[in-house]
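Worksheet: the structure to be examined is printed underneath.
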Amino acid sequence: RADDGADVVEESVATSDGREIEVAANVGRPEELEPAAARGADGVGLYRTEFLFLDRQSPPEEDEQYEAVRDALDTFPEGRVVVRTLDIGGDKRIPYLNLPDEENPFLGERGIRRSLDPDSDLFATQLRALLRAAADGAGELDVMFPLVATVDELEAAIAAVDDAEADLDERGVDYERPSLGVMVETPSAVFMADEFAKRVDFLSIGTNDLTQYVMAADRENERVGHLHDPTHPGVVRAIARTVEQAHEHDAWVGMCGEMAGNPDVTELLVGLGLDELSMSAVTIPDVKVAVSETEHSAARERAESALRVATRSELHETIQ
Ligand code: PEP
Ligand code: MG
């Protein structure tokens with residue numbers, strides 16, 4: 001039992017008809033790692049690395065980043081830790097980097113776009129730290145890139161991983177190449193999911209941003225909160241398409257947006273075919289129970305019906 005009395009399911013979970021679903025934690029700070037493990041997380045499905053850059057005056061050195069990631073891998077020796085490369089811009093700001101003001105920050109130089117800035121070595125430093133940690137930490141490291149919209153961006157990010165390997169070879173330092181993934185957060189990523197899945201090992205759907213961009217509804221603006229809802233059929237169809245394309249090209253596909261932590265939609269997400277759900281640790285026990293109470297074949301049929309409805313309220317009726 002967790003401190004608040006929740007029943008913790010420690011082992012991995014499967015649906016009643018045997019389909020295993022990985023239930024992982026979203027982690028934003030190192031202090032959250034142990035509590036996530038205590039609540040039954042199979043691993044970390046989203047490690048937000050912005051914390052390393054916040055509340056300080058200059059970026060962290062490679063060694064500090066290496067240690068932080070190695071610690072995460074040591075906390076989940078049997079599981080996998082998916083680290084997201086630095087995701088700044090939009091709602092995530094870091095004052096000392098002196099980034100230019102943008103009129104539409106959510107449509108600006110966010111996520112991978114900033115990492116690929118040729119005038120910055122932040123991305124190269126982070127990738128070297130990650131590759132070293134992959135070799136030394138106990139668990140498995142996977143690395144994913146945020147806000148990718150084009151195949152060119154993905155190929156540039158993969159080339160940066162190749163460059164990090166070459167740098168470490170030259171230094172004679174141990175490293176391991178992690179599995180690589182793309183976050184599906186933009187409509188373009190949904191439509192290009194097949195091309196991404198051919199080039200990486202996994203996709204992870206970030207429904208917070210994906211909903212914002214599919215619905216054109218600011219994730220921070222309450223006035224459009226009714227539109228910023230991933231159970232709108234437009235978003236659900238985008239999720240379905242992404243899962244289908246990932247599987248067609250042998251990539252596994254997870255979800256790490258807030259939607260993944262809502263037990264009311266667990267059956268829908270299992271029915272749509274997601275392989276992994278990653279959420280804030282508090283919701284893990286409830287979602288594990290929801291998975292174990294789901295029958296995969298029935299969930300698939302319900303998901304198919306959900307893909308035929310026209311409105312959010314019809315969708316809610318279908319999945320009730
Ligand atoms: C998302 O956009 O769904 C996501 C998981 O990333 P963040 O909330 O950190 O933007
Ligand atoms: Mg996001």
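Since every read-out is calculated from the coordinates, none of them should be taken as a lab result. Quantities reported herein were computed from a predicted structural model and do not represent experimental measurements. Methodologically, a virtual Cβ is constructed for each residue, glycine included, from the backbone with ideal geometry; neighbour enumeration extends over all protein chains shown.
Region 1-73: percent of C-alpha pairs farther apart than 19 Å? Numbers along the way, then the final one.
Details: 1236 of 2628 pairs.
I get 47 percent for the Cα pairs in region 1-73 exceeding 19 Å.
For E314 and D17 in the same chain, what is the full-extension length gain: residue separation times 0.36 nm, less their Cα-Cα distance, in nm?
104.2 nm
Let me know the whole percent of all Cα-Cα pairs from region 51-209 that are separated by more than 23 Å.
Details: 4732 of 12561 pairs.
Tail of P(r) above 23 Å: 38 percent of Cα pairs.
Can you sort E64, E32 by how many other beta carbons sit within 10 Å, fewest first? Each step should come with its number before you reach the end.
On the way: E64 11, E32 20.
The fewest-first ordering by Cβ neighbours comes to E64, E32.
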Practice item. Only helices at least 18 Å long along their axis, Cα-based, and averaging 0.5 or more on Kyte-Doolittle count here, so list those DSSP H runs from the chain. Key: 122-136
Review point. Can you work out the base-10 log of I(q)/I(0) for the chain at q = 0.08, 0.12, 0.16 1/Å, using the Debye formula on its C-alpha atoms alone?
Key: -0.35, -0.80, -1.43
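If you take every DSSP beta bridge whose two residues both sit in region 1-121, what share of them, in percent to the nearest 5, is antiparallel? List each step's numbers first, then the result.
Numbers: 3 of 9 bridges.
Antiparallel bridges make up about 35 percent of those DSSP assigns within region 1-121.
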Review point. Residues of region 36-67 with amide nitrogen under 12 Å from the 7 Å Cα-to-Cβ point of R171?
Key: 61-67
Study note, to complete from the structure: Expressed in angstrom and ordered largest first, the alpha-carbon extents of region 44-144 along the principal axes are 45, 25, 23
**Study point:** Euclidean distance of C-alpha centroids, region 180-206 and region 81-131, integer Å
**Key:** 19 Å
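Can you put D152, D74, D119 in order of Cβ neighbours within 10 angstrom, beginning with the fewest?
Values: D152 10, D74 15, D119 4.
Taking fewest neighbouring Cβ atoms as first place, the list is D119, D152, D74.
Can you figure out the FRET efficiency of A216 with E155, using R₀ = 25 Å and their beta-carbon distance, to the nearest 0.05?
0.35
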Practice item. Return the Cα extents of region 85-175 along principal axes one, two and three, sorted largest first, each rounded to a whole Å. Key: 44, 29, 26
Review point. Is region 169-320 rounded, prolate or oblate when judged by the Cα gyration tensor, a ≥ b ≥ c being the square roots of its eigenvalues, rounded requiring a/c under 1.5 and prolate requiring a/b larger than b/c?
Key: prolate
Point to revise | Semi-axis lengths (Å, descending) of the ellipsoid that matches the C-alpha gyration tensor of region 109-160 | key: 22, 13, 9
